[in-house]
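Here's the structure we're looking at; comments come further down.
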Amino acid sequence: MSNFFVRLTMALIMTLSLSGCGTLLGSKFYDVDIHPKRYNDTRHKFTEYTNTVLLSENIDGSHNFITDGGTVFLLVAGTGNFTKENINQRLKPFYDFLTWAKLEGSESENKRIFYNMQKEMKRRHIEFRYFPDGTPAFVDTNDGKTAFEKAIFQNISDYYTTQQIAELVLIAISVTYQRESREVIK
């Protein structure tokens, strides 16, 4: 009987690894206390819910920002695993957003259009938009749905404030350049 459980466990691990979930196997998760607003792109209004951003510390020493997409974990803004070696490349859209958020008037709108047209921004499902009050919004449009599902179901995007993006950058820098003890939540 114990041989059956060993085989079952190995099959489960292989299935998770092949499905892309292997990256987070053995990871530690930390609540970073950032909760982006959820926007229903289909109904054009904010929902009453927020999302929770988690920092995963992976067994290979890399980190990710993720949200719980229900059936899957979603990478925040397609960041992927970040380390000391690739942090600037992985967080470039965050840096660009913080630069854009300081601009005003027509320069702000022209840069917003420029950034939103970038191939990397489209690949990572990121857009620079505005909150209803006119303040800059960093928007992650990846809700884990396929193009077919998006045509059928409601589309939800995560809206981050300038302060939240600045906090994510500071967290990423702090975890890649120094070791701090944090309380594991999962």
For Lys111, the lysines lying under 17 Å Cα to Cα, once residues fewer than eight places off in the same chain are dropped, come out as Lys92, Lys102, Lys119, Lys122
Counting only DSSP loop positions in region 95-147, the GluC sites (Glu not before Pro) whose Cβ has at most 13 other Cβ atoms within 10 Å are Glu104
In whole Hz, the Karplus estimates of ³J(HN,Hα) for region 171-176 (6.51, -1.76, 1.60; θ = phi - 60°; x where Gly or Pro) are 5, 4, 5, 5, 7, 8
In terms of the alpha carbon gyration tensor, root eigenvalues a ≥ b ≥ c, rounded if a/c is under 1.5 and otherwise prolate when a/b exceeds b/c or oblate, region 74-186 is oblate
Averaged per residue, the 1.4 Å probe accessible area of region 107-172, protein heavy atoms only, in Å², is roughly 55 Å²
At R0 = 22 Å the Cβ-Cβ FRET efficiency linking Lys84 and Asn116, nearest 0.05, sits at 0.15
Candidate cut points under chymotrypsin sites (Phe, Trp or Tyr not before Pro) in region 136-178, DSSP loop plus at most 12 other Cβ atoms within 10 Å of their own Cβ, are Phe153
HN-Hα couplings for region 152-158 via Karplus (6.51, -1.76, 1.60; θ = phi - 60°), in whole Hz with x for Gly/Pro, come out as 9, 9, 5, 9, 10, 10, 9
Rounded to whole Å², per residue accessible area for region 46-102 with a 1.4 Å probe reads 47 Å²
Whole-Hz Karplus couplings 3J(HN,Hα) for region 74-81, θ = phi - 60° and coefficients 6.51, -1.76, 1.60, Gly and Pro as x, run 10, 6, 5, 6, x, 4, x, 6
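The values are calculated or read from the model by the stated rules, or taken from the named source; none is laboratory data. Note that the structure is a prediction, hence the values are computed from the model and not measured. Cβ sites come from the backbone with ideal geometry, for glycine too, and all protein chains shown count toward neighbours. SASA here: full protein model, heavy atoms, side chains in, ligands and nucleic acids out. Shrake-Rupley method; radii C 1.70, N 1.55, O 1.52, S 1.80 Å.
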